[in-house]
Amino acid sequence: MPITRKLAVLASGVALTGGLLAGSAGTAGAAGSAPAAPAAPAAAKDCPSGWFCVWSGKNYTGRMQKVAGNNADLTGFVVFQGFKSWYNHGKSCDYKWYTKTNYRGDSGVLARGVKGTGDAVWYQKSNKWVNCR
């Protein structure tokens, strides 16, 4: 596979809690009650401190998932297999990603605080936290 949109040299931009961010589903309330307000759009700020987060859509929209530790196999995380936004909100470490499980394949490092979004679809199969300070 050429570099089919893997998280290679990220000059432009790319983030995990496993919840579907949905807009108003049109809940029916009691007579005279107002309909439920739509859910707020996702944002990078929704990524908790100490985590690396990814979103299925660009501009931090869609489903978000996050990881906080080293993971030899991210294939069970659906969003990590195709995401358009990311944020390294790690507290003291950079985030190293790999294109294969068990810390193999191509890899790259995203510095603490780096975030990005775009039209490209990225994926990761494993990760480690590195360069901790």
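For segment 114-133, the set of residues classified as over 13 Å from the mean Cα position of the chain (by Cα) and within 20 Å of Y60 (Cα to Cα) consists of D119, A120, listed by residue number. Yes or no: segment 59-79 includes at least one residue that is small (G, A, S), out of contact with any Asp or Glu (no Cβ under 8 Å at 6 or more places or on another chain) and at pLDDT 95 or above. Checking segment 59-79: at least one residue is small (G, A, S), out of contact with any Asp or Glu (no Cβ under 8 Å at 6 or more places or on another chain) and at pLDDT 95 or above. From the list Y123, Y103, the lone residue that is of a type outside the set (K, R), more than 23 Å from S49 (Cβ to Cβ) and open to solvent by 60 Å² or more (accessible area, probe 1.4 Å) is Y103.
The values are calculated or read from the model by the stated rules, or taken from the named source; none is laboratory data. Keep in mind it's a predicted model, so treat the numbers as computed, not measured. Here Cβ is always computed from backbone atoms with ideal geometry, including for glycine, and neighbour counts include all displayed protein chains. Areas reflect the complete protein model, heavy atoms only, side chains present, ligands, DNA and RNA absent. Shrake-Rupley method; radii C 1.70, N 1.55, O 1.52, S 1.80 Å.
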